[in-house]
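The structure appears below as structure tokens.
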Amino acid sequence: MPGGVELKNKRVLVVGLARTGIATAHFCAARGAAVTATDSRGEGEVGEEVVAKLRAANVSLELGAHQEPTFLRQDLIIPSPGVPADAPLLETARAKGVTIWSEIELAYRFRQGKLIGITGSNGKTTTTSLVEHILRASFPTILAGNIGTPLISCVARMTHDTATVVELSSFQLELIQEFRADISVFLNLTPDHLDRHHSMELYSKAKARIFENQREEDFAILNADGPGTAPLAPTRPHVYWFSRKQRAAQGAFLRGDDIVFRTDGREEVVLKRDEVPLPGAHNLENVLAAIAAARIAGASAKSVAEGVRSFAGVEHRLESVSEINGVRYYNDSKATNVDATLKALDAFPGRILVILGGKDKGSDYTVLQAPLREKAILALLIGAAASKIESQITGTVAIERAGTLERAVEIASEAARAGDVVLLAPACASFDQFENYEHRGRVFKALVHELEQRANELPDTNRGATSARR
């Protein structure tokens, strides 16, 4: 176990009561800390059940507003990932010498077993899920982090034998101190969260902290094809690469139709490219990264190949929802930035009706112009970013200002014909109209399933009439 931390009788402030904050407050209270939890939302918004359970755990609550004196009298502050590290009250507390950690830093102090950390602008959830899926055939595994289950919630399950695979966001990494993964994976780097980090330089620095505390016995895996990641390669750990364009001296790469893993001068063909069940070139990169991580972690080439072949994908990531009258509907609600949307568009040959929009994150949508011109037949715009997106893609594709996701799905179903693809790949955050990207994806799927049900209720002679309209 790393250098632990004694929480008993320590004054701990948890800022933000979403999933991570709630788990952190309970964790610290159970270990004897004097915990206060604060949220700008009122009790009704946080939820009566959440509030009741926290109070039962002897957590003091300050809801509706944050109070500066509360921040200044703490020994430790744990902000939720959604709270900016440079928030004024955190800056004030930091200036007074108060320790401020992210939840993953606190969890790390209690960590046991092998830890595999995965970050990047896109592909984190798919790669994290795939690595855990592969490794579970060889080790007791834990899937945690930004993927949905806070790492702090998994501490009790960790043993010397477990392999914990953690999705790590820049928000989590920017407030670490000693956090260290045995195997770190940096998938790619493209503009994202610039509304939070203010510049690509600061964003990349936050991401690169995944390597900061690694030692000579550890491993770092990076994208050899990504111009943003290669310069960030660390010096202390063993460095491995993944590439679909070139041979890697150490790591996983594509050679013809073979996926090859190379280490210490030895090469092995793990499986064929056409055995990868996930669509898109970006998913091939995710698979290559996962193969490198799993082989380094100790999984055999055979179990890695079997794991890749049997992986069904992840909800909200190019998820096939339904085919209705020859029109295929895909949910890529996790495409919360422009690069993810580019990758989603690249996964299909053409005739795409794409749903774009949500909460803007300071993105440049002009880079969508070429793929929209080439692949899309209609862009349906929703949410707060609709005006900005329209101004930056006008002239490249037909545009409909749908406003809501419900209306966008309705318009798409009327405009699409057999062979078309209706794709939710918003290039934006979801918080203007939804709780999170999962909520947005679930709503999209429910709307598509309603279409499917209505189509199934039509007499055979009428089926296809709606989808044939242009």
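Please go through region 26-69 and give me each residue that is among the acidic types (Asp, Glu) and open to solvent by less than 50 Å² (accessible area, probe 1.4 Å), ordered by number. Across region 26-69, the qualifying residues are ASP39, GLU62.
Residues that are outside any loop (DSSP other than H, G, I, E, B), among the hydrophobic types (A, V, I, L, M, F, W, C) and surrounded by fewer than 24 Cβ atoms within 10 Å (Cβ to Cβ) within region 153-168 comprise CYS154, VAL155, ALA156, listed in sequence order.
Counting the residues of region 133-147 that are among the polar types (S, T, N, Q), assigned to a loop (DSSP other than H, G, I, E, B) and open to solvent by less than 40 Å² (accessible area, probe 1.4 Å) gives 0.
Is it fair to say GLY228 is open to solvent by less than 50 Å² (accessible area, probe 1.4 Å), at positive phi and out of contact with any Ser or Thr (no Cβ under 6 Å at 6 or more places or on another chain)? So GLY228 fails the test. Just one of (1) in contact (Cβ under 8 Å) with a residue 60 or more places away in the chain; (2) under 21 Å from the mean Cα position of the chain (by Cα); (3) under 30 Å from GLY251 (Cβ atoms) fails for LEU356. It is (3).
For region 300-323, filtering for residues that are part of a strand (DSSP E or B) and touching a His at 6+ places or on another chain (Cβ under 8 Å) leaves 2. Restricting the search to strands (runs of 3 or more DSSP E) fully inside region 1-72 and requiring at least 2 residues that are without any contact (Cβ under 8 Å) to a residue 60 or more places away in the chain and more than 30 Å from THR159 (Cα to Cα) gives 34-39, 60-63. Across region 421-436, the number of residues qualifying as surrounded by fewer than 22 Cβ atoms within 10 Å (Cβ to Cβ) and either closer than 19 Å to ARG328 by Cβ or of a type in the set (Ser, Thr, Tyr) (or both) comes to 0. Counting only residues that are assigned to a helix (DSSP H, G or I) and in contact with a Ser or Thr (Cβ under 8 Å, 6 or more places away or on another chain), region 378-435 holds 4 of them. Condition first: more than 21 Å from ILE104 (Cα to Cα) and either hydroxyl-bearing (Ser, Thr, Tyr) or surrounded by 18 or more Cβ atoms within 10 Å (Cβ to Cβ) (or both). Now tell me which residues in region 194-224 satisfy that. SER199, LEU222, ASN223, ALA224, listed by residue number. Restricting region 70-100 to residues that are out of contact with any Leu (no Cβ under 9 Å at 6 or more places or on another chain) and among the small types (Gly, Ala, Ser) leaves a set whose member that is surrounded by the fewest Cβ atoms within 10 Å (Cβ to Cβ) is GLY97. Among the residues of region 329-345, is there at least one that is without any contact (Cβ under 8 Å) to a residue 60 or more places away in the chain and acidic (Asp, Glu)? Looking for residues that are without any contact (Cβ under 8 Å) to a residue 60 or more places away in the chain and acidic (Asp, Glu), one finds none in region 329-345, hence no. Restricting attention to region 78-114, the residues that are polar (S, T, N, Q), part of a loop (DSSP other than H, G, I, E, B) and within 16 Å of CYS28 (Cβ to Cβ) total 2. Somewhere in region 98-113, is a residue at pLDDT 95 or above and closer than 30 Å to VAL276 by Cα? Yes, there is a match, as at least one residue in region 98-113 is at pLDDT 95 or above and closer than 30 Å to VAL276 by Cα. Listed conditions (1) small (Gly, Ala, Ser); (2) on the phi > 0 side of the Ramachandran plot; (3) modelled with pLDDT of 95 or more; (4) in contact with a Leu (Cβ under 7 Å, 6 or more places away or on another chain) are all met by ALA415, apart from (2). Each residue in region 232-250 was checked for being open to solvent by less than 30 Å² (accessible area, probe 1.4 Å) and under 16 Å from ILE118 (Cα atoms), and 4 of them qualify.
The values are calculated or read from the model by the stated rules, or taken from the named source; none is laboratory data. Predicted model only: the values in this text are computed from it and were never measured. Because the Cβ atoms are built from the backbone with ideal geometry, glycine has one as well, and the counts that use them run over all protein chains shown. These area figures cover heavy atoms from the full protein model, side chains too; ligands, DNA and RNA do not enter into them. Shrake-Rupley method; radii C 1.70, N 1.55, O 1.52, S 1.80 Å.
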